[in-house]
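First up is the structure itself, then whatever we jot down about it.
The values are calculated or read from the model by the stated rules, or taken from the named source; none is laboratory data. None of the values given here were measured: they were computed from a predicted structure. Quick reminder, even Gly has a Cβ in these numbers, built from the backbone with ideal geometry, and neighbours come from all protein chains shown.
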Amino acid sequence: MKHLAEAGGLSRACFLFAGCQAPWQSIPEGSSHLLPGVRVVPGGHCESSAIANALGYLGYELPECAVTGAGGALAFGFERSTFPFLSGRNGDMRERFFAAARIPWERSAEGIDRTEDAGWGRIADLLDRGLPVMLRVDMRYLPYLFGGKYGPAYASFGWHVIALFGIDRRDDKALVSDTALPGLRSIALRDLHKARTSGTKVFPPRGEFFWIGREAAGYRADWEELLTASLDTVCAYYRESSLEALSRYGRDLSELEQYSRNSYLLPGVLEYMAGNIEDFGTGGAAFRMLYRDFLARAAAELEAADPERAAGLGRAIAGLDEAIAEWHGLASAFRDLSGRIKGMGAEERAEEYRILRSLADGLHDKEKAFYNLLEASRLEA
């Protein structure tokens, strides 16, 4: 056993310090696997924008909002912790979108590539076939996001998705698209490998990758089918979990210091909660703005053939606009309080939390009204 342990230690040391073959070196040295003519459209959410850019490259005419919309991404969840996490989307958007759009796709076995080279050889083969590859990564290890360095530990998040459009073994670099960034970004393969195989506890990426099949001849998106799938999914989430979670959200905020107990962190906590609504790949207002775009596009696509259904969607959009305004207001309140809370006494902070509770209760009311309008539109179909 001692010899085995020593051998394992030597193996690790060999890889780290003696230049043993890195996993991506299963791709032939000096080879190039670059997709030509890539056009990147900046987006609002990491996974949906990666999918949308891959779809566009493959000839599918579907905007990002179709991915989040047909994927039924609209949902709500809240985790009481030191840095409370607000989720505005479901967990199976990708699967639901591809099913609704009838677009073929595949992913690495069981979502985790267990091969010795972490799937790099297969990824290069997919690029050689003209297929972009979506990679799940820990965003902390993407230097282009952090001024050329790795991000801080608190930035670790392993459910970030980027689209890979090229690998060049001549300089061991890769070209990727990433959410709102314009154009392709260059990243060293050693950094991209670290991002793909990070052991972060926050959704470890485990080397997962997936890809989309080429557009079939004559493919045309059926917006009525996309809409039907979307309304069924979103309304079910609202009925079964989102509205209940939203009904508790005001109380959750009023009890903030019961689960986020380090008062010196409160400015950062409040800013983080605002970011979860507006900035961290949500498209704004906790995915509600992306969903509004989807409803508006679906209404326009269906107006000529089904004006009554388009009108129902218009009413739902008006309700959603009111909810969006409430989301923006709550995020602004978080940010305003973040700048003022330092030095406040316990009673003063408690009063501020009561104000946040009132805003969140009003948000729940707007979300419930929107759900009722969306459900009415669904039942009219």
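Here is a yes/no grid of residues against (1) farther than 26 Å from Glu29 by Cα; (2) crowded, with 24+ Cβ neighbours inside 10 Å; (3) not small (Gly, Ala, Ser):
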| position | (1), (2), (3) |
| --- | --- |
| Gly91 | yes, no, no |
| Glu106 | yes, no, yes |
| Arg122 | no, no, yes |
| Arg129 | no, no, yes |
| Trp159 | yes, no, yes |
| Ser177 | no, yes, no |
| Ile187 | no, no, yes |
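Look through region 370-381, keep the residues that are surrounded by fewer than 16 Cβ atoms within 10 Å (Cβ to Cβ) and within 18 Å of Leu243 (Cα to Cα), and return whichever of them is nearest to the chain's Cα centre (by Cα). Please lay out each step first, then the result.
So in region 370-381, the residues surrounded by fewer than 16 Cβ atoms within 10 Å (Cβ to Cβ) come out as 372, 376, 379-381.
In the following step, the residues that additionally are within 18 Å of Leu243 (Cα to Cα) were identified as 372, 376.
Values: Asn372: 26, Ala376: 29 Å.
Top of the filtered list is Asn372.
Within region 101-119, the set of residues being at pLDDT below 95 and in a helix (DSSP H, G or I) comprises Ala109, Glu110, Gly111.
For region 58-73, a residue qualifies if it is buried (at least 21 other Cβ atoms within 10 Å of the Cβ) and either part of a helix (DSSP H, G or I) or touching a Gly at 6+ places or on another chain (Cβ under 6 Å) (or both), and the qualifying residues are Glu64, Cys65, Ala66, Val67, Thr68, Gly69, Ala70. Taken together, Ser177, Ser186 contain a single residue that is assigned by TED's automatic domain parsing to the domain that holds Ser49, in contact with a Phe, Trp or Tyr (Cβ under 9 Å, 6 or more places away or on another chain) and over 22 Å from Leu55 (Cβ atoms), which is Ser186. Entry remark, region 278-312: residues being surrounded by fewer than 22 Cβ atoms within 10 Å (Cβ to Cβ), under 15 Å from Gly329 (Cα atoms) and hydrophobic (A, V, I, L, M, F, W, C) number 1 in total. Annotation for region 324-342: at least one member residue is surrounded by fewer than 19 Cβ atoms within 10 Å (Cβ to Cβ), in contact with a Phe, Trp or Tyr (Cβ under 9 Å, 6 or more places away or on another chain) and outside any helix (DSSP H, G or I).
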